[in-house]
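Below you'll find the structure, written out as structure tokens, and then a few comments.
Just so you know, all these numbers are worked out from the coordinates, no wet-lab data involved. What you see is a predicted model; the values in this text were computed from it and never measured. Reconstructed Cβ throughout: ideal geometry from the backbone, glycine too, with neighbour counts over all protein chains shown.
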Amino acid sequence: MRLPSRLRRLARQGLGDERRPDGRRPALRVRPPELRRAREDGLVMGPRVLVLGGGLAGLSTAHALLAQRPDADVLVLEARPGVGGNVRTLHREGCTVEMGPDAFMTMPGHAEALCEALGLGDTLLSPDAASSRVMVAHRGELLPLPEGMAMGVPRNMMQLAGTRLLSPLGKARAAMDLVLPARHEPDESVGHLVGRRFGREVKERMVEPIVSGIYGADVDELDAAVVMPMFANVRGSLIRALTRAPRPAGGPGMRAPSNGLDSVVNALAASVGADRILSGVIARSLTRRGEGWSVSLDDGARLHADEVVLAVPPGAAAELLAAEVPELSDLLRGFRLRSALTAVLAFERSEFTSPLASGALIPRNAPAPLDVLGALTFVDRKWPSRVAGHLSVVRATFRPSAAAEFIPRSDDAIIALALEALRMMLPLPEPRWHAVERFETGTPSPVVGHMRRAAEARERALSLGGISLVGAAVDGPGIAGCVRGANLAAGQIAGRFSSASRVA
């Protein structure tokens, strides 16, 4: 669906351009007056579809459903003051910096197609090609990661020939992937798969920094089937498997809107409609009501619907379902969640120039205090058009274990720790300004067995009738996975509506 020109302009501008003192746009807050009055009576006959969760997955589901069934009654409920979930964009002094996810993958093309439908296609950027290389912290230096690898796995041994990240023995051990006997192990971790094929050095110095930087978890716990699906059915050499597999053709692998990912959130909210979004409302429980469902809110009011979409973290979904569907609730509680913490530091370019790279990865065995960080983004290199010309901007992502420890601390304490760690590698002056973002509720980590648990959760939800699960926990990490899952759920709901209409 392509939006009318008025909504496309609104999406590009954001829903209002006034900003809070910290540089972030104010959260969209909607409370339709007619629904507010009805809530005061303690019983609300709600819409046919309730979407619980106003993050990217929830808004995308509502948008996709309304595109297929414009006549559907849809209401999105969000517990936080505003929508957007983990998409949090900082706009400050001519800079646009993502505090959460900073881009989406173009393969598959669900997220890119969504941006096109929202009128944002001509705003999409790719990371700057001149600064595309990635560095790895190694023995006090930032060394380049060999280009063209797949999640740190080499496509051929020539890629490893000139790198200083591996010792001669480490390179020799990596070459054994070509001659080791074939073997396949179900429910294998990334660390175990890479370690047995390539050895410890490739695992710790190449694969672990990349994978942990993306997924924020230990490679010895992450499910290889989720993180490296290209090796799902490979029994022998991983190098030969990559050699046989065709590389993705055409187009950049990563894209983002020039004005930040919050422009996607704003465009989705505009498409869904302000009268269909209710923020600052906490849902407490779900119970059956005839062939539909009733949602109890924190103030005692109830909303009724034929379909409920749970676009909330698995722990929150488990609480909602605990009384009515304890088996599914217990299954959802089993998902592993991680906290996240991001620090952004801006420097005068005359005092500090970022390395010519998009970012740097920090192995978990780095010396303290550098080991509290997992990854760096040199924002002015990766997205040069998003940063004012007189600034260099570094975004530091904390390792999940450190994030959980330091989230309760003050912004000043977090920035001081980040500076101390970064100065082990970079000659940093005092920052011109800084910002901190905390993600306390946790995001899912695809540990071993995650795919099986996600599939079982989806099947159990579908068997209930009228309950859909969407979001990173069940649809896979990243924006593209959330959009794909939202489209699938919307199609299934629209199909059930059509079937019910034919029966009637």
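For the reader, a short list of remarks on this structure follows.
- Taken over region 74-170, the percentage of Cα pairs per 10 Å bin, counting from 0 up to the bin with the maximum distance, is 11, 27, 30, 20, 10, 2, 0.
- Estimated FRET transfer efficiency when R0 is 41 angstrom, pair Ala416-Asp71 (beta carbons, to 0.05): 0.15
- If R0 is taken as 25 Å, the Cβ-Cβ distance between Glu430 and Ser132 corresponds to a FRET efficiency of 0.25.
- Relative contact order computed over region 337-444 (Cα-Cα under 8 Å; 6+ residues apart), in percent: 44 percent
- Computed [θ] at 222 nm, deg cm²/dmol, the chain (DSSP H ≥ 4; -39,500 (n - 2.57); rounded to nearest 500): -9500 deg cm²/dmol
- Calculated over region 56-104: convex hull of Cα atoms, volume per residue (Å³): 108 Å³
- Spin-label proximity, Arg364 to region 390-415 - amide N less than 19 Å from point 7 Å beyond Cα toward beta carbon: 397-407
- Modelled FRET efficiency - R0 25 Å, Met254 with Leu356, Cβ distances, 0.05 increments: 0.85
- Semi-axes of the equivalent ellipsoid for region 416-504, computed as √(5λ) from the eigenvalues of its C-alpha gyration tensor and ordered from largest down, come to 44, 16, 10 Å.
- Segment Asp187-Ser296, length gained on full extension (0.36 nm per residue, minus Cα span): 35.4 nm
- The chain: DSSP helices with Cα axial extent of at least 27 Å and average Kyte-Doolittle hydropathy no lower than -1.0: 479-503
- A straight chain from Met151 to Arg496 at 0.36 nm per residue would run longer than the Cα-Cα distance by 120.3 nm.
- Computed over region 192-259, the P(r) curve from all C-alpha pair distances, binned at 10 Å from the origin, holds 17, 44, 31, 8, 1 percent per bin.
- With all pairs of separate Cα atoms included, region 337-444 yields a Kirkwood hydrodynamic radius of 14.0 Å.
- Simple rule: put +1 on each Lys or Arg Cβ and -1 on each Asp or Glu Cβ in region 334-472, find the dipole, and look at Leu462, Ala375, His390; the Cα lying farthest toward the positive end is Leu462.
- Placing +1 on the Cβ of every Lys and Arg and -1 on the Cβ of every Asp and Glu, with no other charges, gives the chain a dipole of roughly 1000 debye about its Cα centre.
- Between Met176 and Glu348, the distance separating the two model label sites (each 7 Å from Cα on the Cα→Cβ line) works out to 5.4 nm.
- Looking at the chain alone, DSSP beta bridges between its own residues are antiparallel in about 70 percent of cases.
- Computed on the chain, with alpha-carbon pairs under 8 angstrom and 6+ residues apart, the relative contact order is 23 percent.
- In the set [x] 0.96; [y] 1.11; [z] 0.98, the label that goes with Rg/Rh (Cα atoms, Kirkwood Rh) computed for this structure is [z].
- Directionally averaged shadow of region 149-278, computed from the convex hull of its alpha-carbon atoms, nm²: 11.4 nm²
- Longest segment of the chain lacking trypsin sites (Lys or Arg not before Pro) that sit in a DSSP loop with at most 12 other Cβ atoms within 10 Å: 236-504
- For region 87-240, the ratio of Cα radius of gyration to the globular rule of thumb 2.2 N^0.38 Å stands at 1.21.
- Sequence-ordered 3J(HN,Hα) estimates for region 230-244 from the Karplus curve with 6.51, -1.76 and 1.60 and θ = phi - 60° stand at 5, 10, 4, 10, 8, 9, x, 5, 6, 4, 5, 5, 5, 5, 6 Hz, glycine and proline given as x.
- Net charge over other residues, Cβ less than 15 angstrom from the Cβ of Leu65 (K, R count +1; D, E count -1): +1
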